[in-house]
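The values are calculated or read from the model by the stated rules, or taken from the named source; none is laboratory data. Predicted model only: the values in this text are computed from it and were never measured. Cβ placement follows ideal geometry from the backbone for every residue including glycine, while neighbour counts extend to all protein chains displayed.
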Amino acid sequence: MLNADVVIIGGGATGAGILRDLCLRGVKAILVERGDLGCGTSSRFHGLLHSGARYAVRDRHAAVECIEENTILRRIAKSCVEPISSIFIRTPEDDPDYEELWVSSCRAAGISAQPLTIEQALEMEPNLSPKIQSAYLCPGAAIDGFRLLWHIFDSAKKLGGQVLTYTNVIGIDTQNGKVEGITVQDKFTHETYKIACNYLINATGPWCARVASLAGIDINIKPSKGTLIAFNHRISTNVIHRLHKPADADIFVPHGTVTILGTTSMDADPDDTSTTQQEVEEMMAIGRATFENLDSYRILRVFAGCRPLYAGDDKNASGRAVSRDFVALEHGPRDGLDNFMSVCGGKFTTHRQMAEKVCNIVCPILGNHEPCTTAKIPLDAEPDPALMEKARQVFPSYGTKLSFNRQGAERFATIVKKIEEDSDQGEIICECENVTRAEIEMVAKESTTHSISDLRRRTRLGMGTCQGTFCTYRAVGTVQEVTDTWTGNTKDLFKEFLEARWKGIRPVMWGNQIKDVELTRGIYEVSLNINHEDDLALALQEQKQEQGKPQTPPQAAAAAVKTAPVEPAPKATAPATAAPAATAAPAAESKAAPAEKKSTPKASTTKIAVKTKRKTSTHASSKEGK
Ligand SMILES: Cc1cc2nc3c(=O)[nH]c(=O)nc-3n(C[C@H](O)[C@H](O)[C@H](O)COP(=O)(O)OP(=O)(O)OC[C@H]3O[C@@H](n4cnc5c(N)ncnc54)[C@H](O)[C@@H]3O)c2cc1C
């Protein structure tokens, strides 16, 4: 049986921070996450490393925590933080009386708020509305959630920490008023097994109440959903905040190649990450006070996450009224169940400090009195100048620093070596984010990577302007060549990724976006026949049954095209095992695309050459469909 001193449930910022802190203190720890690292709220956020200025008036304590952590993370997580500034602007719609209070509150919290003239502000940010009334320069920064979590994981792994992704906690094992371990289920093999521990930490963010209930414990969590809009370029150089009481759609964060506008706040189920066109329209209406030309910028996608807000005893609390503070609930004194704690609330920005406070409670219980060192020890090594120079000579474009920041020093050295030895490895698979074949192959081969979405989280593949239109088929082809350990088949790899992208595009289908969607649809639906393959096989099967004779593929394809929905159909999300139609393809089809095996978890990738598929069934269907 697996065992550890401490088991942490939840692979978001809170859980990851705790894992690293424990490992640095020499505690044997295992983190268990039901999906990929950062698949919860810790990637569904603004990506803002708060300075605290937003909270200065209402919550000085939170403001001070933010500015302290902002300073620390800029120092210890350089490759995950973009050290830009924040500009707070007051528009004609904002209360002028709030400004004075805000300035004095920032001063009291130790947050620099340097006044700018309107001319200075517009010179720094020419897209800002010329109607702004005042502007202040504050600290601030953008932080990459996925990257930080993977850097934490790498750092913890070197210290003996263990992370089990795609492992769902389905039970909390207790005896005599104490937690003794957990029961988990592997997502792919469906195997269930136990992990023993001396202490259990529930760091599952908005799912905290659900996980605590596995031990019969009640926690009043109020998950609060926030929607975010990603635009296809950097509208500003710095983070732009409205200078007013925190409200909806009042922050723009430039992030890598895009800008994120957010957010909203509404009570929701933690699994609900749906978004609507109405929300987008409302946010755009507010956003125009900051950037008058907002409508002329292309929206890439919309996404949402749920804040893990703790409402204490207040059963009626909701939305922005619930405190953003973090709490560490010790279930021994609170509920009579020892060796168990739930950690909820807080912010991504303050995850390290939350972890420090949690470990300061848990470690002495385990007899460990080591001090916290996470504020001092950097997450990753600085770039080696000689290696960077070599990389610049062999890389195809300017993407060396991007790749270093994404992958860290050791992996980056491997990438450079691969490209040096074989220039084909330098081929760019994702142009928007400058991701090379060497980087894709390396991450694809790692045991923690199971899907194109996993690859995306590690490399930013498909996250830029084209939203996967040109890189998805290249990535799937590359993956098929180098790994046979992924679950699912080719079609499922495509579908899983495109469906995830599609979910964010659906609420913003207007203007130029429609042209891009049509291009994507042309490539994947018409040329690669991603959506219609099942329909084709089904149509053939039905016709065979009805007419008692086999039909030629072009006729069947035409029938399938006629009956196919215009939008990618929801059934496309069906798991590999639920796609029997593909195995029933006729002889001509199966010659080009060998019959797919029913997927056996973790080991049954069926290789279907993308090029071959394009030449056969898809060609026939597009011709006949005209
Ligand atoms: C719209 C929005 C914008 C935000 N913007 C910012 C910002 O700009 N800056 C900032 O500092 N903060 C921001 N926040 C807050 C911040 O994102 C969250 O406070 C933080 O990410 C929470 O991290 P967490 O680790 O507690 O939760 P999560 O990241 O949600 O992690 C919990 C994990 O637990 C896992 N889990 C659940 N159940 C189980 C189970 N049974 N077994 C195993 N694993 C399980 C989930 O899959 C999930 O990965 C924002 C939040 C929202 C919603």
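Based on this model, can you work out whether residue 299 counts as within 23 Å of residue 461 (Cα to Cα), under 21 Å from the mean Cα position of the chain (by Cα), modelled with pLDDT under 95 and buried (at least 23 other Cβ atoms within 10 Å of the Cβ)? Considered against the rule, which asks whether it is within 23 Å of residue 461 (Cα to Cα), under 21 Å from the mean Cα position of the chain (by Cα), modelled with pLDDT under 95 and buried (at least 23 other Cβ atoms within 10 Å of the Cβ), residue 299 comes out as yes.
Of the residues making up the stretch 249-272, those that are charged (D, E, K, R) and surrounded by fewer than 20 Cβ atoms within 10 Å (Cβ to Cβ) are 267, 269, 271, 272. Annotation note: Cβ proximity below 8 Å between a residue of the stretch 293-313 that is more than 27 Å from residue 128 (Cα to Cα) and without any contact (Cβ under 8 Å) to a residue 40 or more places away in the chain and a residue that is in a strand (DSSP E or B) and of a type in the set (A, V, I, L, M) (sequence gap 6+ or interchain) occurs for no pair.
Summed over the stretch 188-223, the residues that are within 10 Å of the ligand (Cβ to nearest atom) and surrounded by fewer than 19 Cβ atoms within 10 Å (Cβ to Cβ) give a count of 2. Within the stretch 104-115, being crowded, with 19+ Cβ neighbours inside 10 Å and of a type in the set (A, V, I, L, M, F, W, C) holds for 106, 109, 111, 113. Across the stretch 27-66, which residue is nearest to residue 351 (Cα to Cα) among those that are assigned to a helix (DSSP H, G or I), more than 8 Å from the ligand (Cβ to nearest atom) and out of contact with any Pro (no Cβ under 7 Å at 6 or more places or on another chain)? Once the filter is applied, the top-ranked residue is 65.
Here 484, 492 are screened, and the one residue that is modelled with pLDDT under 90, more than 30 Å from residue 283 (Cβ to Cβ) and out of contact with any helix residue (DSSP H, G or I) (no Cβ under 7 Å at 6 or more places or on another chain) is 484.
Residues checked against (1) among the β-branched types (Val, Ile, Thr); (2) closer than 25 Å to residue 261 by Cβ:
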residue: 9; (1), (2): yes, no
residue: 19; (1), (2): no, no
residue: 46; (1), (2): no, yes
residue: 57; (1), (2): yes, yes
residue: 72; (1), (2): yes, no
residue: 89; (1), (2): yes, yes
residue: 100; (1), (2): no, no
residue: 108; (1), (2): no, no
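Of 411, 474, 457, which residue is of a type in the set (Lys, Arg), part of a helix (DSSP H, G or I) and out of contact with any helix residue (DSSP H, G or I) (no Cβ under 8 Å at 6 or more places or on another chain)? Answer to the check: 474.
The requirement of being within 9 Å of the ligand (Cβ to nearest atom) and buried (at least 17 other Cβ atoms within 10 Å of the Cβ) is not satisfied by residue 280.
Annotation: residue 265 fulfils all but one of (1) under 21 Å from the mean Cα position of the chain (by Cα); (2) within 13 Å of the ligand (Cβ to nearest atom); (3) touching a residue at least 60 places away in the same chain (Cβ under 8 Å); (4) under 28 Å from residue 16 (Cα atoms); the unmet one is (3). Within the set 101, 24, 73, the sole residue that is within 16 Å of the ligand (Cβ to nearest atom), over 16 Å from residue 345 (Cα atoms) and modelled with pLDDT of 95 or more turns out to be 73. Determine, yes or no, whether residue 247 is aliphatic (A, V, I, L, M), outside the structural domain of residue 10 (by TED's automatic domain parsing), touching a Leu at 6+ places or on another chain (Cβ under 6 Å) and away from the ligand (no atom under 11 Å from the Cβ). Spelling it out, it is not the case that residue 247 is aliphatic (A, V, I, L, M), outside the structural domain of residue 10 (by TED's automatic domain parsing), touching a Leu at 6+ places or on another chain (Cβ under 6 Å) and away from the ligand (no atom under 11 Å from the Cβ). In the condition set (1) away from the ligand (no atom under 12 Å from the Cβ); (2) crowded, with 21+ Cβ neighbours inside 10 Å; (3) among the polar types (S, T, N, Q); (4) at pLDDT 95 or above, residue 227 is compliant with all but (1). Restricted to the stretch 98-181, the set of strands (runs of 3 or more DSSP E) holding at least 3 residues that are free of Cβ contacts under 8 Å to residues at least 60 places away in the same chain and either at positive phi or in contact with a strand residue (DSSP E or B) (Cβ under 7 Å, 6 or more places away or on another chain) (or both) comprises 114-116, 167-175. If you go through the stretch 386-409 and keep only what is without any contact (Cβ under 8 Å) to a residue 60 or more places away in the chain and charged (D, E, K, R), you end up with 389, 390, 392, 401. Scanning the stretch 161-187 for residues that are within 17 Å of residue 214 (Cβ to Cβ) and more than 11 Å from the ligand (Cβ to nearest atom) yields a total of 8. On the stretch given as the stretch 190-208, residues that are closer than 21 Å to residue 359 by Cα and more than 22 Å from the chain's Cα centre (by Cα) total 7.
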